[in-house]
1. Which condition number does ILE193 fail, the rest of (1) in a helix (DSSP H, G or I); (2) open to solvent by 10 Å² or more (accessible area, probe 1.4 Å); (3) away from ligand 3 (no atom under 16 Å from the Cβ) being met?
2. Kindly provide the set of residues from the range 636-654 that are more than 16 Å from ligand 3 (Cβ to nearest atom) and open to solvent by 10 Å² or more (accessible area, probe 1.4 Å), ordered by number.
3. Tally time: how many residues in the range 233-288 are touching a Phe, Trp or Tyr at 6+ places or on another chain (Cβ under 6 Å), small (Gly, Ala, Ser), closer than 30 Å to VAL633 by Cβ and open to solvent by less than 20 Å² (accessible area, probe 1.4 Å)?
4. Quick check on this structure: which one of PRO469, PRO447, PRO459 is surrounded by fewer than 24 Cβ atoms within 10 Å (Cβ to Cβ) and away from ligand 3 (no atom under 16 Å from the Cβ)?
5. Scan the range 21-33 residue by residue and report those that are touching a residue at least 60 places away in the same chain (Cβ under 8 Å) and open to solvent by 30 Å² or more (accessible area, probe 1.4 Å).
6. Please identify the pairs in which a residue from the range 711-739 that is over 30 Å from GLN337 (Cβ atoms) has its Cβ atom under 7 Å from the Cβ atom of a residue that is within 16 Å of ligand 2 (Cβ to nearest atom) and of a type in the set (Val, Ile, Thr), counting only partners at least 6 apart or on another chain.
7. Filter the range 196-224 for residues that are part of a helix (DSSP H, G or I) and either in the same structural domain as GLY119 (by TED's automatic domain parsing) or of a type in the set (Val, Ile, Thr) (or both) and give the result.
8. Between GLY358, GLY405, GLY364, GLY350, which is outside the structural domain of VAL102 (by TED's automatic domain parsing) and more than 25 Å from the chain's Cα centre (by Cα)?
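The values are calculated or read from the model by the stated rules, or taken from the named source; none is laboratory data. It should be emphasised that the depicted structure is a prediction, and the values quoted were computed from it without experimental measurement. Don't worry about glycine lacking a Cβ; one is built from the backbone with ideal geometry, like all the others, and counts go over all protein chains shown. Remember, those area values only see protein heavy atoms, side chains included, never the ligands or the DNA or RNA. Shrake-Rupley method; radii C 1.70, N 1.55, O 1.52, S 1.80 Å.
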Amino acid sequence: MEDDSQLRVTPFATHWGTYHAEVRGGKVVGVRDYADDPDPAVIGPGIVDMVEHPTRVGRPMIRKGFLEKGKDSDRSGRGREPFVAVPWDEALEIASGELDRVRKAHGNQAIFGGSYGWGSAGRFHHAQSQVHRFLNCIGGYTPSIDTYSYAAVSAISPHVVGHFARLVLNQATAWPHIVENCELMVMFGGMAIKNAQVTSGGVGRHTTREALLAAKRNGTQFVSVSPLRSDAIDLLDADWVAARPNSDTALMLALAHTIHSEGLHDQAFLDRYCTGFDRFLPYLTGQSDGQPKDADWAAGICALEAEMIRSLARRMAGKRTMITVSWSMQRADHGEQPGWMAIVLAAMLGQIGLPGGGFGIGYGSENGIGNPVLPFKFPAVPQGQNPIAEGIPVARISDALLHPGEPYDFNGRRTTYPDLRLVYWVGGNPFHHHQDINKLVSAFQRPETIIVNEIWWTPMARHADIVLPVTTVLEREDIAMTHWEPLIVAMRQAVEPVGDARHDYDIFSGLAHKLGVGETFTEGRSPEDWLRHLWDQARQRAAEANFELPSLEELRAREMITLPDPDRHPVLLESFRNDPEGNPLETPSGKIEIFSERIAGFDYDDCPGHPAWMEPYEWLGGPDAEHYPLHLVSNQPRTRLHSQFDPGSVSRASKIQGREPMTMNPIDAAARGLSEGDVVRVFNDRGACLAGIILSDTVMPGVVQLSTGAWYDPLEPGVVGSLCKHGNPNVLTRDKGTSRLGQGPSAHSTLVEVEKFEGPLPPITAFAPPPIKERD
Ligand SMILES: Nc1nc2c(c(=O)[nH]1)N[C@H]1C(S)=C(S)[C@@H](COP(=O)(O)OP(=O)(O)OC[C@H]3O[C@@H](n4cnc5c(=O)[nH]c(N)nc54)[C@H](O)[C@@H]3O)O[C@H]1N2
Ligand SMILES: Nc1nc2c(c(=O)[nH]1)N[C@H]1C(S)=C(S)[C@@H](COP(=O)(O)OP(=O)(O)OC[C@H]3O[C@@H](n4cnc5c(=O)[nH]c(N)nc54)[C@H](O)[C@@H]3O)O[C@H]1N2
Ligand SMILES: [Mo]
């Protein structure tokens, strides 16, 4: 018998790192960082007190009004009414009954299963795969298209250079080439090391910091264009270009203008590898609209010195230059433009396809970008076929719920929103991630039924009708394997499931059985059978690419294995450069499209046929700045992944009087009589939240920085427009697509005002469970 008081350590993986859980007496008491990790994430220990946290859902729960009246309940009770605990079988009976009712009465397209979100690492218990597979087994669902991470740039990328994930991300020039060859790295959006804590699917060694420092030692110079000095680590000695937020496209145009007007561009590269420079040039020079896009013009837009812009352009033309663009930049109004313009600028420098030159989109946004990608794909849980072809752009969820049947444009198509009656959300938290939460609250009062599988009482769970409790990674067996990282981890169960929590797989098996498709969903496999099945496939695929993977037994015995470095480290577009006719791009012309006939053919005023500067709907250079003079940077949090573990120790330690910290420049604070540690009200016409003040000159004047992820905590639950007591910036952001082309989220175009919060501070309630009633 195992001695219960002994310390056990078991391996597991998360999106932010690889760990051993320390377990004593059946409880998780600590985590140890992966020994070979040179730069472990700060996020790690946040998991320890979350396993048995009071916010664990624990038992299946139904909103009181829904339990009584089902689809005819008062839907404004969501987020407000108490929940009632019910036995598993009853919960599954009610949930499967609703799925069946909706698909029969309204068709499967009335079920929204897009269910965006990151869930947890692990190949089998992958929340999105599980929900999609299940819904496909019962006839399909309305899916969502693209990601919150990079919807705008991934929509435009195939028109101008090629598939975003397959080409721009997977073939990103690997760090060793940058270290060896890059002389100047110009980083639009900086390269926030806080974000490189994370890779979707798991991280072994955190390599971004050491790669940057190796480049620095090798003589690379850095320029960081960002509202935050902290977006480049101090040791890089980067030149900080504090351009007005959202003005990057204008800055890039001006760099291009100087390069062209001084004859520093590579005409031979443009002729051989690109189309449409001649159609773009009249815009650049001002021949077509009377406004040269020169440094003097951009200086006014970006609030920078024209001479600085000119000298940066000359430096870029004189060196092996890598232009990088963070994903943040395209989560802004007209977010399609900066990525496209960066490609055009790099094409004018003529270094695309050379090691250490050209462009990259997403270095630092995740650790995996710039890692040599494995030359084979790991298997995933098969999702089956979805008979419902039409999906909605991922960030159009509120519009879809509020405007069924209404038309909208998306990437060259004009279609209508479906009539959604039931929402099934698994592994995501839209009350964290979606813009304009007040609009979302009213949107989520529309569907007849909302089902959520969740581990914790997140704001999404609190706004559901049926909440089914799920296990954490520490309560199940899995395998972490992703082509971004050479480390494969046998994730072992550390503790028994907490309360009545079940795996998503078991929940969907139960629902599938009730709906008569149990066998179709499970294929007769237990979770362990599925793991073996996936691992067998992984071994086979690896073997075909000449990588040898051990048996599952051996993997578990060794706990984790590191695959050898692939022979080839990619240089983005190298093969195209070497032989453009033999290796044409997947664009209509087979070349880099500086002017796109296809995009021009869509005839969108918010995304013309070549990259262009268009004012964002809201920015410091526009009229709204008169009332709301501060630009809000709602970037990714350092202390957590999105909203995950917000009630955990690491995130909580960062709060100020319990509120999410907001960093502002001392000049702006002084103008408002604010001091470090004050609680403020941050507001605009869309909403308001509280936040705690940190003063720092690492934030440029005119900008405030409030990370995403504080659990939405309305003063008046369920009420549209309520103050968020805690500091979720998405009560302030606008819910508008980047353009009709990408329809991506545009959170980074937001203006606010800040004032001292007077009066007694309302207590935080998001970190306690909602009211729960026992059955009468
Ligand atoms: N203002 C603003 N908003 C933003 C952004 C921004 O820059 N600014 N960024 C956007 C971006 S890029 C993204 S990717 C999104 C992220 O948005 P999300 O991915 O929705 O955020 P998470 O907090 O990671 O939500 C994951 C949820 O899954 C749950 N979960 C974890 N494991 C499991 C599991 O095994 N099963 C089930 N059923 N649930 C599980 C967690 O408890 C958590 O509630 O946010 C977006 N929102
Ligand atoms: N710790 C941690 N890491 C994460 C995540 C997390 O939640 N936590 N989430 C992961 C996910 S899902 C994603 S998609 C990536 C996102 O990666 P990014 O999109 O790169 O991340 P952000 O933190 O939103 O933004 C990076 C920086 O861009 C700057 N910025 C904002 N607006 C502008 C602008 O208009 N111009 C310029 N020049 N700069 C601007 C901000 O100062 C910000 O710090 O991060 C991943 N990494
Ligand atoms: Mo993301």
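1. Single failed check for ILE193: (1).
2. Matches in the range 636-654: THR639, PHE645, SER649, VAL650, ARG652, ALA653, SER654.
3. Residues that pass the stated criteria total 1.
4. PRO447
5. Passing the criteria: GLY26, LYS27.
6. TRP711/THR458
7. Selection gives THR208 alone.
8. GLY350 is the lone residue from the list that is outside the structural domain of VAL102 (by TED's automatic domain parsing) and more than 25 Å from the chain's Cα centre (by Cα).
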